[in-house]
Amino acid sequence: FGELCDTPALGFLIGLYLSEGCVRANKYICFAVTESDVKAKLLNCLQKLELTGLDDRSVAVVVGCAQLARAFGAAFGKGAANKCLPGWVFAASLPFRKAVVDGYWSGDGSVYPQGDTVSASAQTDSARLARDMQALLSGMGVRCSVSAFQRSYDGVFKNANEIHYRLHVAAADVGGMP
């Protein structure tokens, strides 16, 4: 990723790819984004990285850069169950790592009131990504647990009955998240 490696814009893009991205035909990266604020942040990051994202005005932003698509697929995995963080991400700057968490949580995470406190959780199909995100958060002083669970959808979704993973941030540490 060259000189762009340690920029928050790339960190956010990587995090959002981990949660809402997929590589298509090794030519495109599609981001399934419906929230207008997340879509705006994604398009802003793409602009900072001098990339073009086609906003189809519904649920996806498509980045047509074969080199980036191949690089993301190789570095971060293809398919929800195969996503991961390579080792160099853990050695990157704190702003970059925070941006990875921000991008990831913008897609697969939620922050919600729970009594008098605030709670944060995220879900993934990848055991490795769950452990990687837990380690990334821990390196920022944020306590996070990982638990496995199984959902039953009666065959509505492919792979829905397989094991999924939930990350839960300790309520006292939610304020330390990006």
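For the reader, a short list of remarks on this structure follows.
- Residue within the range 76-93 that is out of contact with any Pro (no Cβ under 8 Å at 6 or more places or on another chain), free of Cβ contacts under 8 Å to residues at least 24 places away in the same chain and of a type outside the set (A, V, I, L, M, F, W, C) present: yes
- When residues in the range 133-143 are screened for being under 16 Å from the mean Cα position of the chain (by Cα) and open to solvent by less than 20 Å² (accessible area, probe 1.4 Å), 3 of them pass.
- Residue in the range 104-125 that is among the charged types (D, E, K, R) and closer than 18 Å to G77 by Cα present: yes
- Single residue of the range 93-121 satisfying the filter (of a type in the set (A, V, I, L, M) and surrounded by 20 or more Cβ atoms within 10 Å (Cβ to Cβ)) that is farthest from L42 (Cα to Cα): A120
- Unmet requirement for C65, which otherwise passes all of (1) touching a residue at least 40 places away in the same chain (Cβ under 8 Å); (2) touching a Leu at 6+ places or on another chain (Cβ under 8 Å): (1)
- Test: residue in the range 39-47 that is touching a residue at least 24 places away in the same chain (Cβ under 8 Å) and within 22 Å of L129 (Cα to Cα): yes
- Residues that are in a strand (DSSP E or B) and open to solvent by 20 Å² or more (accessible area, probe 1.4 Å) within the range 4-52 comprise C22, V23, R24, Y28, C30, A32, listed in sequence order.
The values are calculated or read from the model by the stated rules, or taken from the named source; none is laboratory data. Predicted model only: the values in this text are computed from it and were never measured. Don't worry about glycine lacking a Cβ; one is built from the backbone with ideal geometry, like all the others, and counts go over all protein chains shown. Ligands, DNA and RNA are stripped out before the accessible areas are found, and what is left, the full protein with its side chains, is counted by its heavy atoms. Shrake-Rupley method; radii C 1.70, N 1.55, O 1.52, S 1.80 Å.
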